[in-house]
1. I want to confirm something. Restricting to the stretch 235-266 and keeping residues that are among the β-branched types (Val, Ile, Thr) and over 16 Å from residue 128 (Cβ atoms), which single residue is least open to solvent (accessible area, probe 1.4 Å)?
2. Could you tell me whether residue 188 is basic (Lys, Arg), touching a His at 6+ places or on another chain (Cβ under 8 Å) and surrounded by fewer than 17 Cβ atoms within 10 Å (Cβ to Cβ)?
3. Examine the stretch 197-219 for a residue that is surrounded by 16 or more Cβ atoms within 10 Å (Cβ to Cβ), modelled with pLDDT of 90 or more and part of a loop (DSSP other than H, G, I, E, B), and state whether such a residue exists.
4. In the stretch 225-234, how many residues are surrounded by fewer than 19 Cβ atoms within 10 Å (Cβ to Cβ) and either in contact with a Lys or Arg (Cβ under 8 Å, 6 or more places away or on another chain) or in contact (Cβ under 8 Å) with a residue 40 or more places away in the chain (or both)?
5. List, please: which pairs have Cβ atoms under 6 Å, are six or more places apart or on different chains, and start with a residue in the stretch 143-155 that is closer than 19 Å to residue 188 by Cβ and end with one that is modelled with pLDDT under 85?
6. Kindly list, by first and then second residue, each pair from a residue in the stretch 241-266 that is at positive phi to a residue that is part of a helix (DSSP H, G or I) and open to solvent by less than 100 Å² (accessible area, probe 1.4 Å), limited to pairs with Cβ atoms under 6 Å and residues at least 6 apart or on different chains.
7. Just wondering, is there one or more residues in the stretch 145-159 that are surrounded by fewer than 13 Cβ atoms within 10 Å (Cβ to Cβ), modelled with pLDDT under 85 and not in a helix (DSSP H, G or I)?
Amino acid sequence: MAEQENKETIVFLPWTVEPQPQTQAVILQQPSETHLRLDATTDKTAISSFVIATVVALALGGFATWLAYWYGRKSFDLTKQSFDTVIAQIEAAKDVTLKSNVKLSDVQIALKTLEIRSQRRLDFIEKARNEMSSLSSLIDHEVLMLVEFGVNFYKTYGDHAKITDMRLELGDTLLGDNINRIDETRLKIKLALDRLIFLLSTDDELQKKLADLWLEYFEEYEKIKYKILDNEDLGNVDNFVEISKQLKQHIHRFLSKELEKALKGE
């Protein structure tokens, strides 16, 4: 009991720290060989990391170089394709332009040919119309002059006289001058008729018919002339009038047909 009373009683207060057991630090010293091994391992790791980094860098650089080359090549191919396309388009446009120029030239030649043919046809129409107008005026006027001359002559020299028999006797008298004029007019009419017949084509049916009618008209004029000069009865001149009507109709058809040909460039 006394021993127990002699022991100290320790009371821990809340703000006091409980005593910790005492510890002793122990320093372990590694041998130098271990340091060398660690240093070597560290060097190997660094070298390996450098090698790996270099390989990766080279690989990335090679890939980047290949990628740049690929893009460059692709870009070059695309540029070449575009250039080839442009060249092809230019060639196609040149061909189209050339063909267009050829077609345009053909059209211009065709139009020029049409214009030349039309002008030639119009010139032919104008010339034929002038010849027919002149010939018709000569014949119609001469028939009237012949009738008037015959009436005056036979009134003066009697119904039994003949102009052909008295041609030399009349000499330079007024009636003699009229006889000479009749001969000269007949020559003018014949020359005008020859020009017209030469102008008309025998290959064209309408022109051939027109030429035949002019020849018949001239023949009727000559019949009237000779009857008056020989003091023969004129009878009726219905045939002369009928041929004159047919001639006018054919002239109208002829001119209309030729104008159609001129418009078509024939």
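The values are calculated or read from the model by the stated rules, or taken from the named source; none is laboratory data. From a predicted model like this one, the values you see are computed outputs, not experimental measurements. Here the Cβ positions follow ideal geometry from the backbone for every residue, glycine too, while neighbour counts run over all protein chains shown. Ligands, DNA and RNA are excluded from the accessible area calculation, which covers all protein heavy atoms including side chains. Shrake-Rupley method; radii C 1.70, N 1.55, O 1.52, S 1.80 Å.
1. As a first pass, look at the stretch 235-266 and keep what is among the β-branched types (Val, Ile, Thr): 237, 241, 243, 251.
If we keep only those that are over 16 Å from residue 128 (Cβ atoms) as well, we get 237, 241, 243.
Numbers: 237: 61, 241: 66, 243: 10 Å².
Ranking the qualifying residues of the stretch 235-266, first place goes to 243.
2. On the way: basic (Lys, Arg): yes; touching a His at 6+ places or on another chain (Cβ under 8 Å): no; surrounded by fewer than 17 Cβ atoms within 10 Å (Cβ to Cβ): yes.
Answer is no for this residue.
3. Scanning the stretch 197-219, I find at least one residue that is surrounded by 16 or more Cβ atoms within 10 Å (Cβ to Cβ), modelled with pLDDT of 90 or more and part of a loop (DSSP other than H, G, I, E, B), so the answer is yes.
4. Kept after step one, since they are surrounded by fewer than 19 Cβ atoms within 10 Å (Cβ to Cβ), are these residues of the stretch 225-234: 226-227, 230-234.
Narrowing further to those that are either in contact with a Lys or Arg (Cβ under 8 Å, 6 or more places away or on another chain) or in contact (Cβ under 8 Å) with a residue 40 or more places away in the chain (or both): 230-231, 233-234.
So the count comes out to 4.
5. 146/228; 149/178
6. Note: pairs meeting the criteria are 265/114; 265/118.
7. Yes, because at least one residue in the stretch 145-159 is surrounded by fewer than 13 Cβ atoms within 10 Å (Cβ to Cβ), modelled with pLDDT under 85 and not in a helix (DSSP H, G or I).
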